[in-house]
Amino acid sequence: MKVALADVKSPEDRLGAGTRHRKWSASARLERALPGGGLYALGEAEGTLVYRTLLAEVQWTRGRTAKDPPSPALPVLEVTGIDP
């Protein structure tokens, strides 16, 4: 989880002569290995006094994941007959 707040003087003007900008952002990420698959979720929100954005992603995988140990029922890949 991450949260950020900013209050900056006119980022587009070096001397700070422009308007003030107040910005915020928050995000959270979740990854879980589940029996027979996995779950990944991400949520993110950002905004200023005028604009707001929202992003959400979810991925559910079925079958063996990279974190699962190899199953004895699955064949092991063997490569033979390759000359260096």
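The values are calculated or read from the model by the stated rules, or taken from the named source; none is laboratory data. Predicted model, so just to flag it, every value in this text is computed and none were measured. Methodologically, a virtual Cβ is constructed for each residue, glycine included, from the backbone with ideal geometry; neighbour enumeration extends over all protein chains shown.
The table below gives the values:
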quantity: Among the candidates 37, 16, residue that is modelled with pLDDT under 75 and of a type outside the set (S, T, N, Q); calculated: 16
quantity: So residue 53, is it surrounded by 12 or more Cβ atoms within 10 Å (Cβ to Cβ) and among the polar types (S, T, N, Q); calculated: no
quantity: Selection within segment 32-51 - within 11 Å of residue 61 (Cα to Cα) and either part of a strand (DSSP E or B) or in contact (Cβ under 8 Å) with a residue 12 or more places away in the chain (or both); calculated: 32, 33, 34, 36, 37, 38, 39, 40
quantity: Single residue of segment 52-84 satisfying the filter (polar (S, T, N, Q) and not in a strand (DSSP E or B)) that is modelled with the highest pLDDT; calculated: 65
